[in-house]
Amino acid sequence: MKRFPMLALGVGIAVATPISPSGSWQGWVSPALAAQDVSFDNITSAAGGVTLTIPHIEITGSSLSKDELQALVDGPRGISTADTLSKFDATAVVIPEIHIEVTATPVAGKDASTSESVVYRDIRIEDIKGGKGARLSAAGMSSDVKGPVALTASSGKILATDYDFAALARIAYAAATPGEAPKLISGPSSIENMHWSSSNAGEINIGRMSVGAIKARPLVTPLAETLATLKVLGEANKPMPPAAAAKLISLLADFYDAVAVDGMSASNITFKVPDPSFKNGSIQTIKLGSFANSRFDELGVEGLEVEASGGHVKLGRAALLGLDFKPLLSSLAQATRSGDLDGDTVKNLDWRNTVPHLDSFELGNLDASVPQGSSSQSLKLTSYSIKLSNYAGAIPTSLHSRLEKFVADAAFLKGQADELQQLGYKSVDLSSKADIAWDESAKALNLDEVSAQGADMGSVLLKAKLGNVPR
């Protein structure tokens, strides 16, 4: 469960959604303070089963008058909210605590529900100019989820830079203009010492999570207008109406086109699963490379180690490079333009044009040991890579692959184990290479090289050109 966005939710709701103070405005703006130093008490906001409570806020050096602040709080919400926030300067905003309560939500397929309580501590927004905070921080967060499986979560220090509240309000209420490009809404951010534990003995710890700068633009349909569609998702045991499904797909396609992130990473990860045979697991780094225009530069894992009774898995690196969801999202968005996403619409999709594109896959330094009877079988791989390019629909017309030092006990290869052992091989040590390209104009498939070699097995090399190979 990702908690970092909840800070944005907590502070964002405080400035951009209807707020109902306990008592009148005059009761929670301290009259003893100067016009530019204002305090707020007992602020609450409720929407969609979520209640936010802020016991106390202090604003120092505000550029907005009391009347302007009152108008910002009282609403109505819209583009004017972004306009007002763009005029907001302040030395600091200090919030000792933010409480978020999520009311009981039914669990699909079960006669049970979940509820959640979240607390953020010591929130500070500093050096605010034009509605953008140069630095937003919180001392930490704690969360309790009650339900079929109880879950507790916590984090240490949270930090965000160049956090633009005015831009976020505009994204919530404005519609994108033709050709509008994403603009910076947040600089680099981080969160320290994240921890999750469940009542069934599961546990995850993350030493640090980092997020690069985030850019975004308003959606074609203002985000605030889509909340009713999102609410349908929370109705357990009810199928989503085709019209709502179509709106959601259109929203997702537009969202992934509207947002760009300069990468994310999580490091120093440990985990436990509720299985008595499991001993421990760790990951050095999970990396999500830069994301823009529905495309991830990289989705990777480095330094994975898992130990269980009688065996282990160690992995130096695994990564998907250049994963592009644009074909899938564009096809689905096109299919939903009629306003419905029913069974016939899905059935009539040309799935050859919807498969996401992948530039390459890399795997390195794999070492696995699996218990088998009284002994264990091992598998090791120095590296494997495959590069794909020149797509024709869903099919890459150029392929380059490399396999280096695949070493495994023959018994590990269950399908070929008996045959290999009959030939006298107790293990295999293989490497291979393939360079294949399709020439559309010549309708030919060029096998520039397909080769393989094995220790004590010999080698094979194939080069050929196959004609009459149409699309």
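Where a number appears in this text, it was derived from the coordinates with a stated rule and is not lab data. This one's a predicted model, so the numbers in the text were calculated from it and none came from an experiment. Note that we place each Cβ from the backbone using ideal geometry, even for glycine, and neighbour counts take in every protein chain shown.
The table below lists the values:
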| quantity | calculated |
| --- | --- |
| Ranked list, fewest to most other Cβ atoms within 10 Å of each Cβ, for Glu305, Glu298, Glu440 | Glu440, Glu305, Glu298 |
| Ranked His56, His400, criterion: other C-beta atoms within 10 Å, fewest first | His56, His400 |
| For region 82-99, Karplus couplings with θ = phi - 60° (6.51, -1.76, 1.60), whole Hz, Gly/Pro x | 5, 4, 5, 4, 5, 9, 8, 10, 7, 5, 6, 10, 10, 10, x, 8, 10, 10 |
| For region 331-341, 3J(HN,Hα) per residue [Karplus equation, 6.51 cos²θ - 1.76 cosθ + 1.60, θ = phi - 60°, Hz, x = Gly/Pro] | 5, 5, 5, 5, 5, 9, 5, 6, x, 10, 10 |
| Charge sum, other residues only, whose C-beta stays under 10 Å from Gly131's C-beta, Lys/Arg counted +1 and Asp/Glu -1 | +1 |
| Whole-Hz ³J(HN,Hα) from phi, Karplus 6.51 cos²θ - 1.76 cosθ + 1.60, for region 377-392, glycine and proline x | 10, 10, 9, 9, 9, 6, 6, 9, 8, 9, 10, 10, 7, 6, 5, 10 |
| Cross-link partners of Lys66 among lysines (Cα-Cα below 17 Å; sequence separation of 8 or more within a chain) | Lys87 |
| Over region 43-185, relative contact order from alpha-carbon pairs under 8 Å, at least 6 apart, % | 21 |
| Cross-link pairs Lys405/Lys426; Lys215/Lys272; Lys132/Lys157; Lys215/Lys387 - those with Cα-Cα distance over 24 Å | Lys215/Lys272; Lys215/Lys387 |
| Whichever aspartates and glutamates have a C-alpha closer than 18 Å to that of Lys279, once near sequence neighbours (fewer than 8 apart) are set aside | Glu203, Glu305, Glu307, Asp367 |
| Placed amide H near Ser290: partners under 5 Å, 5+ positions off or other chain | Gly263, Asp297, Glu298 |
